[in-house]
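The values are calculated or read from the model by the stated rules, or taken from the named source; none is laboratory data. This structure is a prediction, so every number in the text was calculated from the model and none was measured. For the accessible areas, the whole protein counts, side chains as well, though only heavy atoms, and no ligand, DNA or RNA atoms are used. Shrake-Rupley method; radii C 1.70, N 1.55, O 1.52, S 1.80 Å.
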Amino acid sequence: MTVRGRTDRGSVTVLLAAVLGVGTAVAAVGLAAAGHRVSVVRVQAAADAAALAAAAALVGLVPGEPCAQASVVARAGGATVSSCTTVDARARVTASTGGGAFAVSAVAVAGPPSGARRLGVYGVHVGPRSSVPRSTRTARHTGDVARPGPTCTIDQGDTCQARRSS
């Protein structure tokens, strides 16, 4: 079609290229935001696990120095420990991953609740001052008098919990 000597040929191509460019930019921003969210969730999980490992080492559930244990666990989760502090039986770990503009960090705290006097697993006192050797710390959970429950060690964790609930 011609209007005063100009043609409209090719105008749809320019419009389509502009729409596709905007769509591509929006998709790229969405994918970048989703990737950042995945990184945040992963580093938070690594920080949580590292704090739990440090707290477990503090009370004697796992051998080793607490912050060294936190570093090993964070590395397994794809993060590095930026800082690790311990007070009494509480551990505070900051883990990070990435670099530059893509750096992500998270903080996690693990340990007994504030004001707790004794540390226990399944009702059995644990910790550096426990009078019971680690290898023999057990708790008996009985459900029915006729059918006694299993004896669970603290190292069995979820396995024992599943047996008690079934």
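Tabulated results
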{"quantity": "Accessible surface of region 1-110, 1.4 Å probe, proportion on carbon and sulfur as whole %", "calculated": "65"}
{"quantity": "Exposure of SER83 as accessible area (Å², to 10), given a probe of 1.4 Å and all protein chains", "calculated": "50"}
{"quantity": "ASP88 accessible area, 1.4 Å probe, all protein chains in place, Å² to nearest 10", "calculated": "150"}
{"quantity": "Solvent-accessible area per residue, Å², over region 1-93 with all protein chains present [probe radius 1.4 Å]", "calculated": "67"}
